[in-house]
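Step one of this worksheet: look at the structure below.
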Amino acid sequence: MLIFRQLFDQQSSTYTYLLADSTTGEAVLVDPVFEQVRREIALLGELGLRLLYTIDTHVHADHVTGAWMLKRRTGSQIAMSAASGAEGASRYLNHGDRCEFGTRYLGVRATPGHTNGCISLVLDDETMAFTGDCLLIRGTGRTDFQHGDPRAMFRAVHEQIFTLPETCLLFPAHDYRGLTVTSVGEERRFNPRLGGELCEDDFAGYMTNLRLPHPKQIDVAVPANLTCGVAASDPTQMAEPDWAPLTYNFAGIWEINPQWLEENLRSVQIVDVREPDEFDGPLGRIPEARLISLGELAKRAGELAQERPIVTVCRAGGRSAQATVILRQSGFEAVANLAGGMLRWRAEGRVVENGSM
Ligand SMILES: [Fe+2]
């Protein structure tokens, strides 16, 4: 079965797509964003997938690709169009190539016009295509820099995308209104720039008069993306917490390894956010834990020391996940949740105080 996820980066309004074959667990990511690499790795982990490679549809001007950082973190390969001019890719793609994952593949189609190296990716059964910044939902990518060419774009859309089945779903690299998906049939009829009866001259006239502002990120993003993301904007953003072995989950919470916690009870502040009757109840509590119920945490956060990391605990790990959010809002940075809470702690046979089970 195909696993498919559409992921969003709010800063650049970029869509990243995860496709995977559930039978083999092999996955690809289309257009990953540097700042979202940690999130994408968490999702791959939770879904039990192995990232084979990343594919960038083109050299982006508005965000830095996550390709290189994902390669560093997961061992994935970097695929990039041969015409992109980018250095450092593991594989250079040409029109007609296939990017295989498990028993499925994405076919590569050259769709220049936004840049001269743009590609679109078409799923093997032609039910989905990823059009990058070529065809957008009721729009198109701009054609006024990076060797843009409106006439090349018009031909690419008509010859490579509008020739797909009417029902083929189209997923763009961006949408600035929050729209998520369209189809070949819809865009052929309703795209205001090149659908319906509009011809190549109409489109060229439209595109040369768009009067768009210069993209904010272009001076940083293009040089970084020409190296597949090696020269990233700020590598320190990706620094991992080093005070304990932590795991970041797709929900956005840092979780601590229970075994490490048991061995290092005194090096952290353990905050149990249950209610007093639970704290004294049959599940017991972790030695050294102090009770601050979740409802009181925001106003009592000042009782905690700034210099020692904090681990939050509750019955099953839900309230304590929210406690990490509250503590971060209160200015604490070294904070992690005990995933699974006291239930998992007890099930693993770890040390407790006052328990009667
Ligand atoms: Fe672009």
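Things to note:
- Here the 3J(HN,Hα) profile of the range 257-271, calculated from phi with Karplus coefficients 6.51, -1.76 and 1.60 at θ = phi - 60°, is 6, x, 5, 4, 4, 4, 7, 9, 3, 8, 8, 10, 9, 9, 10 Hz, Gly and Pro shown as x.
- As a length-normalised measure over Cα pairs under 8 Å and 6 or more apart, the relative contact order of the range 199-277 settles at 12 percent.
- Gyration tensor verdict on the range 146-191 (Cα atoms; rounded if a/c is under 1.5, prolate if a/b is larger than b/c, oblate otherwise): oblate
- Among residues other than G295 with Cβ under 12 Å from its Cβ, the summed charge is +2 (Lys and Arg +1, Asp and Glu -1).
- The value of relative contact order for the chain, using C-alpha pairs under 8 Å at least six residues apart, is 13 percent.
- Taking the DSSP beta bridges with both ends in the chain, the antiparallel portion is around 60 percent.
- For the chain, the orientation-averaged shadow of the C-alpha convex hull comes to 20.2 nm² (one quarter of the hull surface).
- Calculated from backbone phi, Karplus (6.51, -1.76, 1.60) coupling profile of the range 179-193 in Hz, x at Gly/Pro: 6, 10, 7, 9, 9, 4, x, 4, 5, 4, 7, 10, 5, x, 9
- Amide hydrogen neighbours beyond the local backbone of Y105, cut-off 5 Å, H modeled: D124
- Heavy atoms of Y105: accessible area, 1.4 Å probe, square angstrom to 10: 50 Å²
- Note on W260: accessible area approximately 50 square angstrom, rounded to 10, probe 1.4 Å, nucleic acids and ligands left out.
- Global geometry of the range 301-348, whether rounded, prolate or oblate, following the gyration tensor of its Cα atoms and the 1.5 cut on a/c: prolate
- Per residue, the chain exposes an accessible area of 44 Å² to a 1.4 Å probe, with every protein chain left in place.
- Summed side-chain charge close to P213 - residues other than P213 whose Cβ falls under 13 Å, Lys, Arg +1, Asp, Glu -1: +1
- Pairs of alpha carbons in the range 240-347 whose separation is greater than 25 Å (percent): 10 percent
- Rounded, prolate or oblate (a/c below 1.5 giving rounded, otherwise prolate when a/b exceeds b/c) for the range 51-156 by Cα gyration tensor: oblate
- L179/E296 FRET efficiency (R0 45 Å; Cβ-Cβ; nearest 0.05): 0.55
- In the context of the full protein assembly, T103 retains an accessible surface of approximately 110 Å², using a probe radius of 1.4 Å and ignoring ligands and nucleic acids.
- Dividing the convex hull volume of the alpha-carbon atoms in the range 215-295 by its residue count gives 163 Å³ per residue.
- Relative contact order (%) - the range 240-347, alpha-carbon pairs under 8 angstrom, separation at least six: 30 percent
- Formal net charge of residues neighbouring L2 (Cβ-Cβ distance under 14 Å; K, R +1; D, E -1): -4
- Accessible area of the chain belonging to carbon and sulfur atoms, whole % at 1.4 Å probe: 49 percent
The values are calculated or read from the model by the stated rules, or taken from the named source; none is laboratory data. The structure presented is a predicted model; accordingly, all values stated were derived computationally and were not measured. All Cβ positions, even for glycine, are placed from backbone atoms using ideal geometry, and neighbour counts span all protein chains on display. With ligands, DNA and RNA removed, areas are computed over all heavy atoms of the protein, side chains included. Shrake-Rupley method; radii C 1.70, N 1.55, O 1.52, S 1.80 Å.
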